[in-house]
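Student: Below: one structure in structure tokens.
The values are calculated or read from the model by the stated rules, or taken from the named source; none is laboratory data. Predicted, not measured: the structure shown is a model, and the values here were computed from it. With ideal geometry, Cβ positions are generated from the backbone for all residues, glycine too; neighbour counts draw on all protein chains shown. When the accessible area is computed, the model is the full protein with side chains, heavy atoms only, and any ligands, DNA or RNA have been set aside. Shrake-Rupley method; radii C 1.70, N 1.55, O 1.52, S 1.80 Å.
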There are 4 protein chains.
Amino acid sequence: MTLKEKIHKFIHGEKGDEDKVTGNEFFIKFIYTLIILNIISIILASYKDVRNEYAGFLEYFEMFSVVIFTIEYILRLWTADLFYKGKTAFTKRKNFIFSSYAIIDLLAIMPFYLPLLFPFDLRFVRILRLFRLLRIFKIGRFSKSFETIKNVLKETKEELSITVFISFIFLIFSSTLMYYVESEAQPEKFENIGQSLWWSVATLTTVGYGDVYPITGLGKFISGVIALIGVAFVALPTGIISSAFINKIQKDRKNAESKKCKNCGCEV
Amino acid sequence: MTLKEKIHKFIHGEKGDEDKVTGNEFFIKFIYTLIILNIISIILASYKDVRNEYAGFLEYFEMFSVVIFTIEYILRLWTADLFYKGKTAFTKRKNFIFSSYAIIDLLAIMPFYLPLLFPFDLRFVRILRLFRLLRIFKIGRFSKSFETIKNVLKETKEELSITVFISFIFLIFSSTLMYYVESEAQPEKFENIGQSLWWSVATLTTVGYGDVYPITGLGKFISGVIALIGVAFVALPTGIISSAFINKIQKDRKNAESKKCKNCGCEV
Amino acid sequence: MTLKEKIHKFIHGEKGDEDKVTGNEFFIKFIYTLIILNIISIILASYKDVRNEYAGFLEYFEMFSVVIFTIEYILRLWTADLFYKGKTAFTKRKNFIFSSYAIIDLLAIMPFYLPLLFPFDLRFVRILRLFRLLRIFKIGRFSKSFETIKNVLKETKEELSITVFISFIFLIFSSTLMYYVESEAQPEKFENIGQSLWWSVATLTTVGYGDVYPITGLGKFISGVIALIGVAFVALPTGIISSAFINKIQKDRKNAESKKCKNCGCEV
Amino acid sequence: MTLKEKIHKFIHGEKGDEDKVTGNEFFIKFIYTLIILNIISIILASYKDVRNEYAGFLEYFEMFSVVIFTIEYILRLWTADLFYKGKTAFTKRKNFIFSSYAIIDLLAIMPFYLPLLFPFDLRFVRILRLFRLLRIFKIGRFSKSFETIKNVLKETKEELSITVFISFIFLIFSSTLMYYVESEAQPEKFENIGQSLWWSVATLTTVGYGDVYPITGLGKFISGVIALIGVAFVALPTGIISSAFINKIQKDRKNAESKKCKNCGCEV
């Protein structure tokens, strides 16, 4: 076994193209702990007191994490030719780079290197650090639940796209209608259809913050009708997903306890 | 093939009485692009900055769209006798004019011509332009999803009408009750049952803007009971529709994988 | 046929103990129209302008309705011995009086007679008029949908009572907890557990008016956890009812298209 | 029958390790009445007027309840060796002490004794009294419904944990994103990710109090997208639980009316 193969075996703790996870258990747990600590650090760093007190420590931890993640990424890239499919070592590495997990990994470390290269807006760069949060789906069992939800979404793809599309049309339609009806009475709240869309989303998801609402009689009547009809449409995707979920359970259970006709032995 | 037949074939890109779409691909895509651009233009025109800057351009685009849509409508009307059923060319054209798609088309171009004929209220006319939004359902695949949702609604028609009716009674009942209870404490918010209905809709759809809510002890108690019971009733239609949707999926799948009794070979 | 039998046949347009509706069609439609006009009159009377303008007319209409409804009630009571079960004419009439429809009818006309007998609070009396609204369920087809929903509720009785009970405990528990946590920071909003219950109902039905919400850190944390868990529990009854509804559809359809094994002719 | 056995039989009115409830009916009803009176007393004690007027009575009732509950607890502990499994009387008693019902019982009486031992914060101690509320689940029929819901939750355990986990990630992700986007425009409302999480919970449960909402254009856009997607995810657990509930009904009914193939007599 060459050094490359040894390293490949050592770091290979995530689902790539293979099903078996054979990496070094300690190394994998270390990476996962680092991911969770990074999320906690992002949350803590948002507190002013923590930032004032532990700014240095947080910075060192950030640097340490990025170095580890960078080394991990480079090693993965180097050993990618061993477990990714492709004709040449180059296409294998390309397949790795454009795999969804590798893109998340790269985006998660980029906010550290970008400011060194270009004078970017700091806030935009910080948002990129959020991708480190998505790395949590790489953790074995989470990745499995992610697959399950992906399958359910795939199964109800057609129904979802229909209802999502109709919800979208409904949002646009009700926004435009309310803009025409309310913009004269409340020019600052229903200033344009974009602002009106904010009202639509808040209403049809039934969040209803209360920052924007119709005040004219006609506006109240129309928005009442919109709410009663629209709430049903916007809630449809949820209903479809949850029904599909429970369908999956029933199906799995039926497969487990397949019934046979005792007389003829035939499966019914 | 006469000119009429050629034109009919050229423009016939929408579902009329026939199933086959045989129109000129370029022309159909051009019309669909124009519909989407019209929606975008309606949204953009609501922004003051855009209106100030591009008022002329938007007006020209509006005029251009209406001319195209008018020509399309006239050509459709002219060739309607070729693909609409009816005894005479006149009844065929009448059937076209009163088909839901043609009505939407007419309503969508009318706001341009109406002010030329009568001195209408501008706001009312602008609202008619919204029908141009509904033309999106004529686009092939959208029209298909529209049919699907129509079928689901038709299947659960009876259950929906029951629950919609009970929701309606519940709305009237709770509005009247809250008007009697709260109108003395908050005469400006629960001024009449119409105002009180606004509270009912906002509460029972769980939007809850927070502009109207009971302040008396009795009002809070009654509205708490109303909310707990009513939310369930108003949410029923949604539940029924989404269950019907998933039922459709299961049924389609069962048809695909029809089970046979191995012994007798009969379908079960 | 005696006069009594004639009258019985004339007025018997509502579901009593029998299934057949054999009353005089005109009379029944007249009563139903009167019920709907009464509801409209209650709503209109809540508008100050209408009240000022048409006070006399509304009062006459009220008086006219009550007289009609009273005559109808008396005739029903008189002919009750013809279609209600019971040993003696007295027990038959007693069965009529205590049938749910007769109680609603009596409550609907009482607000007119009560003030003539006792010096009641006017507001309380007006609320009784609301029962006239419930008479709408006596209208043939509405009464049928009422039966359907009653059956669905009866079928899921056990599951509903479990979830309603748990929702109730959850409401009390979260109210008490939030009272302990928030009453010091907001003594006027979380004054007692009753006030706190108002917050609970508004939160767990997801209405969220925004008149009461936690402001302390601990309160926000606890109420966040309560919302995430509680919303699910309070939404359960709705889910159960709508699932039961769709179940009924499936069952009815299965009965209609009973499948038979072609070979043995057995039903599966 | 020794005194211990007699006492055991007298007090054994709650579901322990056995299924049969054989305790003295009067004693059990007395304890249950005391539990409900305690809950009412906790609620009433939150009202200032009641507290001022009946402070002494409430205190005596509290003392009386605690004494009864303490005696009950001691008697249970003493007789635990008769009905709890274990090798020695000591392990049997230990099994009793660590049973969920006994822990609730102990927590329910502790707030009375704790202040006598340590100078605790009064508010924290009062919160412990809430556990007396949970004793209601020990009442026979309630305990049964509690078991039912526990079974349903257990059956959908896997699906629930997946959706709860994804909801959790979604909450963290959206909080962090909104903190980055809105903290500059509203530093006091989106001060840190903790505050931002409060917004996330209020939005994704669709409560929407209206105390925190985005004001920037970008914030409104992102939060609109978050609301539309997130609402579906957070509503999933509810959908799954209610589907599982209705599944249970169907299953129970199918078992009751098992169908037989008429030809071969086999169960299908």
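Residues checked against (1) open to solvent by less than 40 Å² (accessible area, probe 1.4 Å); (2) among the hydroxyl-bearing types (Ser, Thr, Tyr); (3) at pLDDT 80 or above:
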site: B:Lys85; (1), (2), (3): no, no, no
site: B:Phe90; (1), (2), (3): no, no, yes
site: B:Ser100; (1), (2), (3): no, yes, no
site: B:Leu114; (1), (2), (3): yes, no, no
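Student: Residues A:Phe96, A:Phe27, A:Phe57, A:Phe61: which one is in a helix (DSSP H, G or I), aromatic (Phe, Trp, Tyr), under 30 Å from D:Glu184 (Cα atoms) and open to solvent by less than 50 Å² (accessible area, probe 1.4 Å)?
Tutor: Going through A:Phe96, A:Phe27, A:Phe57, A:Phe61 in turn, just one is in a helix (DSSP H, G or I), aromatic (Phe, Trp, Tyr), under 30 Å from D:Glu184 (Cα atoms) and open to solvent by less than 50 Å² (accessible area, probe 1.4 Å): A:Phe61.
Student: Now for a separate question. Which of (1) open to solvent by less than 20 Å² (accessible area, probe 1.4 Å); (2) modelled with pLDDT under 85; (3) among the small types (Gly, Ala, Ser) does B:Ser46 not meet, given it meets every other one?
Tutor: Single failed check for B:Ser46: (2).
Student: Would you tally the residues in region A:47-83 being in contact (Cβ under 8 Å) with a residue 40 or more places away in the chain and more than 24 Å from the chain's Cα centre (by Cα)?
Tutor: Final tally of qualifying residues: 6.
Student: Please state which of the following conditions D:Ser243 fails to meet, knowing it meets all the rest: (1) within 8 Å of another protein chain (Cβ to nearest Cβ); (2) open to solvent by 20 Å² or more (accessible area, probe 1.4 Å); (3) within 23 Å of A:Val234 (Cα to Cα); (4) of a type outside the set (D, E, K, R).
Tutor: (2) is the only condition that D:Ser243 fails.
Student: For the list (1) assigned to a helix (DSSP H, G or I); (2) more than 7 Å from every other protein chain (Cβ to nearest Cβ), I need the number of the one condition that B:Lys189 fails.
Tutor: (1)
Student: For the subset of region A:30-48 comprising residues that are part of a helix (DSSP H, G or I) and within 9 Å of another protein chain (Cβ to nearest Cβ), which member is farthest from A:Ile136 (Cα to Cα)? First the steps, then the outcome.
Tutor: At the first step, the residues of region A:30-48 found to be part of a helix (DSSP H, G or I) are A:30-45, A:48.
Restricting the remaining residues to those that are within 9 Å of another protein chain (Cβ to nearest Cβ) gives A:39, A:42-45, A:48.
Details: A:Ile39: 9, A:Ile42: 14, A:Ile43: 15, A:Leu44: 18, A:Ala45: 19, A:Lys48: 26 Å.
For region A:30-48, the residue satisfying everything is A:Lys48.
Student: Further question: If a residue has to be more than 10 Å from chain A (Cβ to nearest Cβ) and at pLDDT below 80 to count, how many in region D:128-171 make the cut?
Tutor: The number of residues fulfilling the criteria is 23.
Student: Another question about this same structure. Condition (residue is under 30 Å from D:Lys248 (Cα atoms), within 10 Å of chain B (Cβ to nearest Cβ), touching a residue at least 12 places away in the same chain (Cβ under 8 Å) and not β-branched (Val, Ile, Thr)) applied to region A:192-213: is it met by at least one residue?
Tutor: no
Student: State all residues of region C:172-186 that are more than 7 Å from every other protein chain (Cβ to nearest Cβ) and either more than 24 Å from B:Tyr213 (Cβ to Cβ) or open to solvent by 10 Å² or more (accessible area, probe 1.4 Å) (or both); if no residue qualifies, say none.
Tutor: Those that are more than 7 Å from every other protein chain (Cβ to nearest Cβ) and either more than 24 Å from B:Tyr213 (Cβ to Cβ) or open to solvent by 10 Å² or more (accessible area, probe 1.4 Å) (or both): C:Ser183, C:Glu184, C:Ala185, C:Gln186.
Student: Tell me yes or no: at least one residue of region A:204-217 is crowded, with 24+ Cβ neighbours inside 10 Å, in contact with a helix residue (DSSP H, G or I) (Cβ under 9 Å, 6 or more places away or on another chain) and in a helix (DSSP H, G or I).
Tutor: yes
Student: Consider A:Ala227 against the criteria (1) part of a loop (DSSP other than H, G, I, E, B); (2) open to solvent by less than 10 Å² (accessible area, probe 1.4 Å): it satisfies all of them except one. Which criterion is unmet?
Tutor: Only one criterion is unmet by A:Ala227, namely (1).
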